[in-house]
Amino acid sequence: MAELTIDLTYGTALFEAAKEIGQTERIMEEATEVLGILHQEPDLHAFINYPAISAAEKKSVVKNVFGGEICDELLNFIFVLIDKRRTMHFEKMIKVYKKLMDKEEGLSYGTVYSVIPLSEDRIRELEEETSKLMGSNVRLENETDPKLMGGIKILVDGKIIDASIRKKFTDLSSQIKFEQGGKK
């Protein structure tokens, strides 16, 4: 639970600072590049997160690797994370940042579950329909779920749109039971 608070606090702080200087897109792009490098270079990632190495040494290496490649605001943010021993949370902080950025732009992300993979065209159609229904711009990724039997189920921002055959059977069964109960 404390980790969630750390991610939310720092991710929000970075977003607010970026918004204040009008650099939300740039910082997102640069943070994504930093994450990519940390994934490609596990030794660098381990070095930055290793507690026995001094903050000064970590900052020196980070400045040598990223200085001039990323804006001062992001570099200073990473320095704060090093000082506070929060670098292991960087990726999750950037996820929070991305969600805040998307929310600001009216974007929502969700998942459409189907028995078989959907075509890109079908996913785009579902995005348009779901966007109208939700009142926001929705982007969907497709996941297969053989338990559906047929149809689809969409999950966006904690809301479920269930157009699966299983749901239709359940609804029909409930309706039959209700009607039988009312005729007695």
Checklist line | Difference of contour (0.36 nm per residue) and Cα-Cα distance, Glu25 to Glu143 | finding: 39.6 nm
Checklist line | Per principal axis, descending, Cα span of segment 1-74 in whole Å | finding: 35, 34, 23
Item checked: Helix-only [θ]222 nm of the chain, DSSP H runs n ≥ 4, -39500 (n - 2.57) each, per residue, nearest 500 -> -20500 deg cm²/dmol
Item checked: Net lengthening on full extension, Ser136/Ser174 (0.36 nm per residue, minus Cα-Cα) -> 10.5 nm
Checklist line | Net +/- balance of residues flanking Thr24 in space, Cβ distance below 13 Å, scoring K and R +1, D and E -1 | finding: -4
Margin query: Looking at the chain as a GNM with Cα springs under 10 Å, which of Thr12, Thr144, Thr111 has the largest mean-square fluctuation?
Written below: Thr144
Item checked: Residue order, fewest to most surrounding Cβ atoms within 10 angstrom, among Glu91, Glu105 -> Glu105, Glu91
Check: Here are some pairs, Lys19/Lys92; Lys59/Lys103; Lys98/Lys153; Lys19/Lys98; Lys19/Lys159; which of them have Cα atoms lying more than 23 Å apart in this structure?
Finding: Lys59/Lys103; Lys98/Lys153; Lys19/Lys159
Next item on the list: Pairs of Cα atoms under 8 Å, at least six residues apart: use those to get the relative contact order of the chain, whole percent.
Entry: 19
Next item on the list: Please state, as a whole number in µm²/s, the translational diffusion coefficient that the Stokes-Einstein equation yields for the chain at 20 °C and 1.002 mPa s, with Rh defined as the Kirkwood radius across alpha carbon pairs.
Entry: 109
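Read-outs throughout are calculated quantities, based only on the coordinates presented, and are distinct from any laboratory measurement. Since this is a predicted model, take the numbers as computed values, not measurements. Cβ sites come from the backbone with ideal geometry, for glycine too, and all protein chains shown count toward neighbours.
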